[in-house]
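Enquirer: My structure is below; once you've seen it, I'll send some questions.
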Amino acid sequence: MPQRILFGAATAALCSALSTAAVAETVTIAQNFDPQTLWPNGTTASDNLNAGSAIVESLFWQNPATGEIEPLLAMDLEMVSPTEAILTLREGVSFTNGEPMDADAVVHSVEVFMDEEQAPAYARVSELLESVEKVDDLTVRITLSDTYPAFELALSQISVTPPAYWQEVGLEAFSQDPIGTGPFVLDSWVRDDRLTMSANPDYWGELPAGIDELVWRPVPEDAARLAGLQTGEFQIVKDLPVSAIPMLETDDSVSLVTVPSYRIYQIGLSSHPEPVSPLQDVTVRQALNYAIDKQAIIESLFFGRAFALNGQVLREPQPGFNTDLEDYPYDPEKARELLAEAGYPDGFEISFKCPSGRYAQDREVCEAVAGMLADVGVQTNLVLLEPGEFLRQLRTMELAPMYYVGLAPQDDPGFQASQYLSSWRYSPIANAEMDALIEAGATEADPEARIQIYKDLMALMHEQAPIIFLYGGVDVYGTAAGISNLAPRGDGRVFFYGVSYE
Amino acid sequence: MLRYILRRLILTIPVVFGILVISFMLTRLSGDPTDLILPPDAPDSAREAFRRTHGLDQPLPVQFVTFVGNVARGDFGDSLRFHQPALDLVLERMGATLELAAAAMAIAILAGIPIGVIAAYRRNTPVDIGVRGVSLLGQAMPSFYLAILSIIVFSVWLRWFPSGGRGTWAHLVLPATTLSFQLVALLARVTRSCMLDVLGQDYIRTARAKGLGERRVVWLHALRNAFIPVLTVIGLQVGFLLGGVVVTETVFSWPGVGRLAIQAIYARDFPVVQAVVFLFAMIFVLVNLVVDLLYAAVDPRIGYK
Amino acid sequence: MSIDAAAPAPPRKSQSNTRIVLRRLFRKKTVVICTVMLVIAVICALFPGLVAPQDPYDQSLLLRLKPPAFMEGGREGYYLGTDHLGRDTLSRIIYGARITLLVSLLAVAVSTAIGIAAGLAAGYFGGKPDAVILRLIDMQLSFPVILLVIAVVAVVGPSLTNLIIIMGLSGWPRMARIVRGSVLSVRGLEYIDAARAIGAGHLRIMAYHIVPNILSAIVVYASFELARMILLEATLSFLGLGVQPPTPTWGGMISDGRNYISLSWWVSLFPGLAIGAVILTFNILGDELRDALDPQLNHE
């Protein structure tokens, strides 16, 4: 009896292996989660956006290869004045249901984008958009309420939907069965199992070569995503566990694609009046920065696949990155001295909250940090929170005084900086000098002046140390041999423009 | 008999009500989901609107009455994350979960009971010790560890089975076996234990004395009488199986209710959690009603008052 | 159980009986081996500082994921290798014994105490108490335990006390049902009626005539529950809801080590073996104890 089961199963497995070999043009992508919505403006979660934007395209896109904002459904952007923009649309594009992609469609799409009831996830991005109107069939005017340095970035996030179909089915139905202009169309979707798309034969641009079918599979367990990559069940795997890197580096059938992430990992040190803690003293906050061996965390816990922050929250390619700054050196002696100076010669005890299972290696990083802090006398009471509870406490501001978090705002220094604005509900610090710089940067139209503002801000923030500057994350993707030109973006976005499979 | 069934069904009403109360309390204890569902930079007006749409601005007793009233009409409300009726989301995935649980239960019964009988009959022989050793190992390993090990061995090394997902029945083998492992061990233990009780009884000696064949004695007379506690355990383990799918489905990316439930708990998606708990409870209640009825079929001494 | 059913109140003089049971138990090699293992685990749990070669909390990222000392590349003094933070695996297993055993023992104690009380009351009195308790049991049993525990732990937080109480509460209905079932099977027997006839009170009957006769079922089930609680804690760790780090538990260690399973298998394997050994021990002892307690097997 047991033999028969095994034999039968082996045959069945063999059959399924053969049948997948027969359709080599199918590319299967394993991500952590099943999308909740395929309408890109319904969410900011990358696992949703990746699938959705293979179907529904946006006006522009930020090309990860160049870092530039490049045309997609819009051909050109002209700023008539600092608050008035003229968009020229691509000619001859239609949605897969036959509706034309024209000024009416774009006006409709921008209006939906601006409506915070329908697109609450983008409320902050669309804040400065005032109105949109059709000029002619291929021209649209957008009016802003103030100068908006990150306007192009905003345009790259507006997804264009067919107005008649949208009217007919409504937002919810659209997000489950979307129609767009993209390289793929939705075939079938078995929730939590597989989302199947096929190539759009009438696509206006160039289709990814060799990919007839795209299958998205939600695979929550790290080990299972890794296993599926090794067995060839998946051709593209998102968020591989870093612990697998040494093993995969020796595997010829698999290649690793690593991308510096937009996510900046930090330990929030709340200096607000409530809750009372030693962290209100800037000397203590600096001491904690000296106490952490950032390089050891990067080298050991991430096998070198993470980057040093140089004591600031802006990344090197971003405008405003301050080259004069460096990481606080690892110097436990100095940390102890500073603690003594601040009146804590024997250290102190403090609660330290940390998510478990939200970020790569989160538990390990927190345990490592807690150990290093213990070396200088700071005893932490580590509280691990499941991802949902962590998020809840983050949103209700119950994490203070000390917590580990990875923040990945949009790729503009303005969004990064505004996370430390005193009026921002989750900011760990309230500092008038910092506020002035952050607010100045948000509306400064002159690029050079803006860069200087952010450089000054980074220097000030470095000194104020509202956080322990830990490291910048690196996203690890695995691809099967045969996939080429896959260039994921630092925000976890995967695009298929130019990708090929053989 | 029919009256008994009817009475049992009526008796489940307070149970069902209790379940509703507990699941409502549990989900409300865990705080306002608004902050979790909406993005961090959603303005306050959007938060207000969200609370209003989902009735979260009402006092708790009012929410509860609305909730019970809706459930009576089969409406658990819309999922806060998916914006679809929670019941639909759960039912959509229920097939996958039942398939997995049924396969695991079948493996457990087909393997566990014979193992237990043989172990009892050949007590303290190498067969007994071997069988018990192997079955005990099944209980001695956390299921997630077993699951990950089996993926590494059977899909990465041997390439016998796919590493996850649902599809052909080759996909079913690893998750069902992992899920059943502890059950096999449990059933074998309980069967062995009960068989030992029964085999020492007078009527077995009488049966043997009458000259009945050993096989007949063991498999018919003894097993039949040892069956009641085994049946009880099987009924009780339905709950265990439905709970076990949470881990198994996560590791094997099986598109079932367990995974939906854990995501919903983490995201404080009340309606979905409530629908899952309610449906699981209903399945459990029904299975155990059937088990109770089976008692009478197996053991005529048990009557229905 | 019916061999001496005709005799009113089977004479169970505890002293001589205990000796018989113990003698019967220790005739077997497996029992001796298991007892030795249990004693080792208990010594580790009670005096980890005496046994452990290293400080279980002492981390060093330079020493991380070093293989066991007996393998190539291993470090002296780190007999079973180091984990992802460079802590000594052996020492963490030894210290982990304390929390792991404590949590599971206390959780089982909670569930057994409630379960026996509820099961006895339901089985012995029947009628209304039985109906009420049965409904309560049904209600809780019909909740999938894991979902219940996850939901509660997610809300109240995974402190040690919370975990013990919640895990304990999750287990009582099964115990209650086992007890109730066993009580039902002895309740109608003649010797109980006889005891009642000579005027024994309810409590006396339960304590002297019923409990001794259902003890084997309770012991077997409790041994099984111990194993289940250890695994439950491990599962909670897997879901990120177990005992808080850096406190070592075996389940937590396996869960942490699962990401390194392919290259650094020792991180998860050795705690896995520790769990396996202890669970095996509990189960075998439970089985043997059951056999030894069973008067019908005297003829052996």
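Read the figures in this text as sums done on the coordinates, not as results from a lab. What you see is a predicted model; the values in this text were computed from it and never measured. Ideal geometry is used to build each Cβ from the backbone, glycine not excepted, and the neighbour counts take in all protein chains shown.
Enquirer: Using mean Cβ contacts within 10 Å as the protection proxy, how do A:384-391, B:58-65, B:133-140, A:306-313 order, highest first?
Expert: Output ranking for A:384-391, B:58-65, B:133-140, A:306-313: A:384-391, A:306-313, B:133-140, B:58-65.
Enquirer: Given H placed 1.01 Å from N in the peptide plane, which residues other than close sequence neighbours of A:Thr28 have an amide H under 5 Å from its amide H?
Expert: It is A:Val215, A:Gln235, A:Ile236, by chain and number.
Enquirer: I'd like the distance between the alpha-carbon centres of the stretch C:181-223 and the stretch A:130-144, rounded to an integer number of Å.
Expert: 86
Enquirer: Which whole-angstrom value gives the distance between the alpha carbon centres of the stretch A:358-431 and the stretch A:244-265?
Expert: Each part's Cα centre sits 25 Å from the other's.
Enquirer: Please give the average number of partner chain Cβ atoms lying within 10 Å of the Cβ of each residue in A:394-403, rounded to a whole number.
Expert: 2
Enquirer: Output the peptides C:81-93, A:482-494, B:44-56 sorted from most to least packed, where packing is the average of other Cβ atoms within 10 Å over each peptide's residues.
Expert: C:81-93, A:482-494, B:44-56
Enquirer: How well do other chains shield peptide B:239-251, expressed as the mean number of their Cβ atoms within 10 Å of each residue Cβ?
Expert: Averaged over the peptide's residues, the number is 5.
Enquirer: Using +1 at the C-beta of Lys and Arg and -1 at the C-beta of Asp and Glu, which of B:Phe161, C:Thr249, C:Val32 has the Cα lying farthest in the positive direction of the dipole of the protein assembly as shown?
Expert: Highest projection toward the positive end goes to C:Val32.
Enquirer: I'd like to know which of B:Leu183, C:Trp266, B:Thr248 lies farthest towards the positive end of the charge dipole of the protein assembly as shown, counting +1 on Cβ of Lys and Arg and -1 on Cβ of Asp and Glu.
Expert: B:Leu183
Enquirer: Here's something else I'd like to know. Checking the cross-link filter: which lysines have an alpha carbon closer than 20 Å to that of C:Lys28, excluding same-chain neighbours under 8 positions apart?
Expert: The qualifying lysines are none; the list is empty.
Enquirer: Taking the Cα atoms only, what angle lies between the long axis of helix B:126-139 and the longest principal axis of chain B, rounded to 10 degrees?
Expert: Rounded to the nearest ten degrees, it is 10.
Enquirer: Whole angstrom only: what separates the Cα centroid of the stretch B:84-157 from the Cα centroid of the stretch C:30-73?
Expert: For the stretch B:84-157 versus the stretch C:30-73, the Cα centre distance is 31 Å.
Enquirer: Now a separate question. What do you get for the angle between helix B:270-298 and the principal long axis of chain B? Use alpha-carbon atoms, 0 to 90 degrees, nearest ten.
Expert: Taking the Cα atoms of chain B, the angle to B:270-298 is about 20 degrees.
Enquirer: I would also like to ask the following. Run the simple label-point estimate for B:Leu294 and B:Asn124 please: 7 Å along Cα→C-beta, distance reported in nm.
Expert: 3.3
Enquirer: Under a cut-off of 19 Å between alpha-carbon atoms, report the lysines in cross-link reach of C:Lys128, not counting same-chain residues fewer than 8 places apart.
Expert: Cα-Cα hits under 19 Å: B:Lys305.
Enquirer: For helix C:160-187, report the angle its Cα long axis makes with the longest principal axis of the Cα atoms of chain C; keep it between 0 and 90° and round to the nearest 10°.
Expert: Computed tilt is about 30 degrees.
Enquirer: Please give the peptides A:409-416, A:247-254, A:80-87 ranked by average Cβ packing (other Cβ atoms within 10 Å per residue), highest first, as a rough proxy for protection.
Expert: Going from most to least packed, we get A:409-416, A:80-87, A:247-254.
Enquirer: Nearest 20 debye, what's the magnitude of the dipole of the stretch A:50-165 about its Cα centre given +1 on Lys and Arg Cβ and -1 on Asp and Glu Cβ?
Expert: Approximately 260 debye in magnitude.
Enquirer: Roughly how crowded by other chains is peptide A:109-122, in terms of the mean Cβ count from those chains within 10 Å of each of its Cβ atoms?
Expert: Mean shielding by partner chains, rounded to a whole number: 2.
Enquirer: A further question on this structure: Give, as ranges by residue number, the residues of the stretch A:104-122 whose backbone N falls under 18 Å from the point 7 Å along Cα→Cβ of A:Arg425.
Expert: The answer is A:116-122.
Enquirer: Longer than 24 Å from Cα to Cα, which of A:Lys294/A:Lys334; A:Lys334/A:Lys455; A:Lys294/C:Lys66; A:Lys294/A:Lys353 are they? Say none if no pair is.
Expert: Listed pairs above 24 Å: A:Lys334/A:Lys455.
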